[in-house]
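Accompanying notes for the structure given below.
Just so you know, all these numbers are worked out from the coordinates, no wet-lab data involved. Keep in mind it's a predicted model, so treat the numbers as computed, not measured. We place every Cβ from the backbone using ideal geometry, glycine too, and count neighbours over all the protein chains shown.
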Amino acid sequence: MTRFLFVVPPLVGHVNPAVGVAGELAARGHPTAWAGLPELVGLLAGPDAEVFPCAVPAGAAPGGTVERPPELRGPAALRFLWEDFLVPLAEAMASGVAAAVARFAPDVLVVDQQAVAGALVAERLGLPWVTSATTSAEFTGALDGMPLVDAWICGLLASLRRRLGDPAETADPRFSPHLTLAFTTPELTGPIAAPQGPVRFVGPSITARPTTASFPWEWLDPNRATVLVTLGTANTDAGREFLTACRDALRARAARLQAVIVDPGGLLGAPAPDPDILVLRSVPQLHLLARTAAVVCHAGHNTVCEALWHGVPLVVAPIRDDQPVVAGHVAASGAGVRVRFGRTSAARLGRAVDAVLDDPAHRAAARRIGASFQAAGGAAAAATHLEHMLGPDPQPTDREHR
C-alpha cells in the first residue's frame, strides 16, 4: 500500500475535490492523511480524517483566508492574491507540511496548486509529489499576452524556492513533473498549453459531502423552472448590487420560473416569505442542482463543474482570480452566457437567463460536457492514476495529455 499526504490551502473549493480522491484511496486500503487547516479539513473530509495542522498567514480570518477589499479586480486582485495570500500562505504552511511528512512518512504528496509549500517541501526532502489542479486556469493560457505578469509570478516562486525548497531545482511548483490531476476535461477547457509532466483529465470529483444546510423542498414548484444564483464561498461581501439585480430580473419572470438565491452574507436583508424568490444563507448545492434549470454564478470552477455535471447551463459573471478564464471556457464551449459582474443591470441579466433557458444549444452543450465529466472517472480515475504513479506508467488514453 502507498501512503498519501494531501496538502491543501484553507479554501473550500480546493479541499472538496481532494476529499473524494482521498476517500477512494482509503477505500482501496491506502493510508491517507492531510496537511492543512484542521477545522476546515475535518468539516469537509469528516471526523475520521487524520489532519496535521498547518498555520495560516498572520491576520487571516477565522477560516484561514485573508480578507481583501471587495472592489479589487483585474491586476490589483491578482497582485493581492499572490503577495497577500499565496506567498504568505506558503511561508506559514511550510513547517507544518514538513512536520506532517516527518510524522506520517508519506510515499507521495498530493499538493493543491495554491498550496505550493507542499511542492517545495517535497522537492527539498526528495519526495515525489502530484499536483491537484482544482481549476483549469493555470494551464490554459491564463497569462498569455502578459509576459511581465508571468515573469513577476515566476520571480515570487523562485524566491519561495530559495527559502522553502531546493534551490537547485527548476520545476514550476504549480505543475508536478510527475503528474498533474486536472479536475476538468478538454470538452470544457479546449486545447491546453502543456506544462511540465503528464496531465490526466479526470473530470470533477463529485462525491457526497457533509452539509448542515436544510432546504424546503416543498417550496419548489414543479410547473416552473428553478434558477440557482450563487457567488460561492469566497465572495460574501462583493455582490450586493449583483444579487439585487438578479432578484429583480428573476422576479420579473415569476410566471415561468422560481429563483433560489444563496446569500451567506445577508446582503439582501432579512428574507420575507415569497413564493417566487427564496433567499437562503446556504443550500445543499449538489442535491439542488439535480432540480435546477439554470445557474447564475461567479464562474467559480467548482460551481461551474458541478452545474455542468448535471447538464445545467450557466450565466457566468466572473469577479476575479481564475474566474474570467473559467467564464471564457463556459462561453466558448456554448454551455452558457457571460455577463459583466460590475456593470450588469437586471435587464441584461434577465436576457442572459432567457437565453440559457430558451436556446436548446446551451443545454445541449452543458449535457455534452457533463457526459465527458462522468466518462472521465472523477475521484476513482484520479485514485487509479495515483496508484500507478510509483509503478509502470500506463498508456495514455485519448482523454489524457502528456
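In whole Å, what is the distance between the alpha-carbon centres of the range 334-373 and the range 267-291?
For the range 334-373 versus the range 267-291, the Cα centre distance is 20 Å.
Kirkwood Rh, Cα Rg: Rg to Rh for the range 298-341?
Computed over Cα atoms, the ratio is 0.91.
Once you sort the root eigenvalues of the Cα gyration tensor of the range 217-373 as a ≥ b ≥ c, which label holds: rounded (a/c under 1.5), prolate (a/b larger than b/c) or oblate (the other case)?
Here the range 217-373 falls in the rounded category.
How large is ³J(HN,Hα) for each residue in the range 268-279, as worked out from phi by the Karplus curve 6.51 cos²θ - 1.76 cosθ + 1.60 (θ = phi - 60°), to whole Hz, x for Gly and Pro?
Values, residue by residue: 8, x, 5, x, 9, x, 8, x, 10, 10, 10, 10 Hz.
Over the chain, with a Gaussian network built from C-alpha contacts below 10 Å, which listed residue (VAL149, VAL315, VAL279) shows the highest mean-square fluctuation?
Checking each option, the largest mean-square fluctuation is seen for VAL149.
Across the range 298-306, in residue order, what do the Karplus-derived ³J(HN,Hα) couplings come to in whole Hz, using 6.51 cos²θ - 1.76 cosθ + 1.60 with θ = phi - 60° and x for Gly and Pro?
For the range 298-306, the Karplus-derived couplings read 8, 6, x, 4, 5, 4, 4, 5, 5 Hz, x marking Gly and Pro.
Would you compute, from DSSP H runs of 4+ residues alone, the mean residue ellipticity of the chain at 222 nm, taking -39500 (n - 2.57) per run and dividing by the full residue count, rounded to the nearest 500?
The per-residue figure over the chain is -12000 deg cm²/dmol.
Based on Cβ point charges of +1 for Lys and Arg and -1 for Asp and Glu, what charge dipole magnitude is obtained for the chain about its Cα centre, in debye rounded to the nearest 20?
Charge dipole, the chain, about its Cα centre: 640 debye, nearest 20.
Quick one: order ILE192, ILE206 by neighbouring beta-carbon count within 10 Å, fewest to most.
Ordered by Cβ neighbours within 10 Å, fewest first: ILE192, ILE206.
Only one of the listed values, (i) 17; (ii) 22; (iii) 31, was derived from the coordinates as percent of Cα pairs over 38 Å apart; which label is it?
The calculated read-out lines up with (i).
Counting other C-beta atoms within 10 Å, which of TRP129, TRP82, TRP217, TRP34 has the fewest, and how do the rest follow?
Ascending number of Cβ neighbours within 10 Å: TRP217, TRP82, TRP129, TRP34.
Once amide H atoms are placed 1.01 Å from N in the peptide plane, what residues at a sequence separation of 5 or more from PHE52, or on another chain, have their amide H within under 5 Å of its amide H?
Excluding prolines and chain starts, which carry no amide H, the hits are TRP34, ALA35, GLY36.
With only Lys, Arg, Asp and Glu charged, each at its Cβ (+1 for the first two, -1 for the last two), find how big the charge dipole of the range 217-373 is about the Cα centre; round to the nearest 20 debye.
That gives the range 217-373 a dipole magnitude of about 340 debye.
Return the single residue from ASP274, ASP321, ASP112 with maximal mean-square fluctuation; model: Gaussian network over the chain, springs between Cα atoms under 10 Å.
Judging by the Gaussian network model, the answer is ASP274.
Which residues' amide hydrogens lie under 5 Å from the amide hydrogen of VAL130, considering only partners 5 or more residues apart or on another chain, with H built in the peptide plane?
Those qualifying (amide H under 5 Å, at least 5 residues apart or on another chain) are LEU109, VAL110, VAL111.
For the chain, modelled as a Gaussian network with Cα springs under 10 Å, which listed residue fluctuates most, PRO57, PRO313, PRO275?
The residue that fluctuates most here is PRO275.
Starting with the fewest neighbours, write out VAL356, VAL326 ranked by other beta-carbon atoms found within 10 Å of each beta-carbon.
By the 10 Å Cβ count, ascending: VAL356, VAL326.
Output ³J(HN,Hα) for the range 103-118: one whole-Hz value per residue in order, computed from phi by the Karplus curve 6.51 cos²θ - 1.76 cosθ + 1.60 with θ = phi - 60°, and x for Gly and Pro.
8, 8, 6, x, 7, 9, 9, 9, 10, 5, 4, 9, 10, 5, 4, x
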